[in-house]
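Just below is one structure, and these are the notes that go with it.
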Amino acid sequence: MFAAGRLPTNVASGLVVGGVQGFRKGSGKTEETSPVSTAIGQVSLNTLWGQAYAGATGFLIGGPVGMAANMAMDAIGAGAGIYVFVKNGSAKEVGKRMADAVDSAVKKDDGAAMGTIKGMGAGGWASMKAAAVTGWREGKGTGAGLVDGTKVAWDSLQLTRLPKEGLLKSGLKATAGIATAALALPAGAVLALATPVAERETPGLLKRLAIAGATGAATGAAMGFLGGPVGMAVGAGIGAAVNLIGPAGSKKLATRVMTAVRRTEKKKDELGSDIANNNRAMFSKSIQGSFAAASQAWNISVKPDEAPKSVDPGSV
């Protein structure tokens, strides 16, 4: 699925980037194609394709307001996609394959027109192969990460505590627990991804608050999507405020998240490529971090009389 999904946009951007790089080399503007500039060009074009599609579909559904809201949501998803694409090494792999293909196909004395034609052919073909290979490796790693993360997520849920007060007070605490847990989910994922497993110290206050505020704003904006730009802005403000003053940025929550992630990451095997291994680690850590953060945020909000009897998450 990952490989097939990558093909359309990557082939289209590969044709454009390959043509530009072929033009530059064929006309003598460059001696050889840069893998970095090739990767940047393709990522940029893929993002533009996504924004154009989101804008068009949003306009058809809700006019200018729908277009703006849909493009904003797409930008959030695109940012996450770019992070994964660069972080796991896929961007580097695609850039190198395309650069090597254009360099092999285009000579510096081919001229601008012939260089463009040859570059488009080489870039499109290389991009198709690279998209299939990296997509396969990403999917393999993602599948393994989802399995690994889901296996230990239940441990975190077993640590959740129930309110012990009367019906009204317990209901209010449960409502607060649900809200803070929902907003803490993405904060836990980002915290787990942004903190090296080997780092033994709990992330500092500024880092915790920055992650809590940013993820709260993004989650709130997503929740306010149906209200258009105004609803998204209000949701972002509320989400950021709740996370900043709530448990999402607390040291206790960060410690719980990183303890769970470290124990989970000790148990992993080789998947055959750095891209697959990196994707596996990202998804596994993000799932475990999310559930550990949600459970801890709920517990801090509910504040039960009895401590849980379950073991710490990730110890199984």
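The values are calculated or read from the model by the stated rules, or taken from the named source; none is laboratory data. This one's a predicted model, so the numbers in the text were calculated from it and none came from an experiment. Please note: Cβ atoms are built from the backbone with ideal geometry, for glycine as well, and neighbour counts cover all protein chains shown. For the accessible areas, the whole protein counts, side chains as well, though only heavy atoms, and no ligand, DNA or RNA atoms are used. Shrake-Rupley method; radii C 1.70, N 1.55, O 1.52, S 1.80 Å.
Below is a table of values for the structure above.
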item	result
Matching entry among 38, 47, 33 (being open to solvent by less than 50 Å² (accessible area, probe 1.4 Å), closer than 26 Å to residue 96 by Cβ and not in a helix (DSSP H, G or I))	33
Top-ranked residue in the stretch 10-30 [being open to solvent by 60 Å² or more (accessible area, probe 1.4 Å) and in contact (Cβ under 8 Å) with a residue 24 or more places away in the chain; ranked as nearest to residue 71 (Cα to Cα)]	16
Flag if residue 213 is without any contact (Cβ under 8 Å) to a residue 40 or more places away in the chain and either in contact with a helix residue (DSSP H, G or I) (Cβ under 9 Å, 6 or more places away or on another chain) or open to solvent by 60 Å² or more (accessible area, probe 1.4 Å) (or both)	yes
Selected residue (criterion: surrounded by the most Cβ atoms within 10 Å (Cβ to Cβ)) from residues of the stretch 124-168 that are over 30 Å from residue 104 (Cβ atoms) and of a type in the set (S, T, N, Q)	156
Pairs, first under 12 Å from residue 278 (Cβ atoms) and in contact (Cβ under 8 Å) with a residue 24 or more places away in the chain in the stretch 88-100, second open to solvent by less than 10 Å² (accessible area, probe 1.4 Å) and charged (D, E, K, R), C-beta under 9 Å, six or more apart	88/138; 90/138
Residue count, the stretch 86-120 (criterion: among the aliphatic types (A, V, I, L, M), closer than 11 Å to residue 22 by Cα and open to solvent by 40 Å² or more (accessible area, probe 1.4 Å))	4
Residues of the stretch 201-253 that turn out to be over 25 Å from residue 78 (Cβ atoms) and either among the polar types (S, T, N, Q) or touching an Asp or Glu at 6+ places or on another chain (Cβ under 8 Å) (or both), as a count	2
Number of the exception - residue 254 against (1) over 20 Å from residue 85 (Cβ atoms); (2) touching a Phe, Trp or Tyr at 6+ places or on another chain (Cβ under 9 Å); (3) among the small types (Gly, Ala, Ser); (4) buried (at least 23 other Cβ atoms within 10 Å of the Cβ)	(2)
Residue that is most open to solvent (accessible area, probe 1.4 Å) [pool: residues in the stretch 169-199 that are touching a helix residue (DSSP H, G or I) at 6+ places or on another chain (Cβ under 9 Å) and not in a helix (DSSP H, G or I)]	198
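To keep it simple, each residue is scored yes or no on (1) at pLDDT below 80; (2) farther than 30 Å from residue 273 by Cβ.
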residue: 130; (1), (2): no, no
residue: 133; (1), (2): no, no
residue: 153; (1), (2): yes, no
residue: 157; (1), (2): yes, yes
residue: 161; (1), (2): yes, yes
residue: 193; (1), (2): no, no
residue: 212; (1), (2): no, yes
residue: 219; (1), (2): no, yes
residue: 232; (1), (2): no, yes
